[in-house]
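Only one structure is covered here, and it is reproduced in the block below.
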Amino acid sequence: MTTAVKPTTARALFTVEAAAEYLSFGRSTVYELMAAGDLPYVKVGRSRRIRLAELDAFVAQLQPQTN
């Protein structure tokens, strides 16, 4: 028997690692996107966090390749 409580709401802020997993990118790619200004983030102390809305907006603006 476990006493762990599962969260009932979606995650609001993602670590770089969690954002990379969410986007199916590598961690270094997420850092590069943040450095280029393509993926906005917030700083909490020394940590960087990415809002779910920013991740979804980034995905929405991606254009499919038509090669």
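The values are calculated or read from the model by the stated rules, or taken from the named source; none is laboratory data. Only a predicted model underlies this, so the values are computations on that prediction, with no experimental measurement involved. Methodologically, a virtual Cβ is constructed for each residue, glycine included, from the backbone with ideal geometry; neighbour enumeration extends over all protein chains shown. These area figures cover heavy atoms from the full protein model, side chains too; ligands, DNA and RNA do not enter into them. Shrake-Rupley method; radii C 1.70, N 1.55, O 1.52, S 1.80 Å.
Below are the figures for this structure:
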| read-out | value |
| --- | --- |
| Hits in the range 10-19 - residues which are in contact (Cβ under 8 Å) with a residue 40 or more places away in the chain and either surrounded by 11 or more Cβ atoms within 10 Å (Cβ to Cβ) or among the β-branched types (Val, Ile, Thr) (or both) | ARG11, PHE14 |
| Filter result (at pLDDT 95 or above, open to solvent by 60 Å² or more (accessible area, probe 1.4 Å) and not in a loop (DSSP other than H, G, I, E, B)) within the range 20-52 | GLU21, TYR22, ARG27, SER28, TYR31, GLU32, ALA35, ALA36, LYS43, ARG48, ARG49, ARG51 |
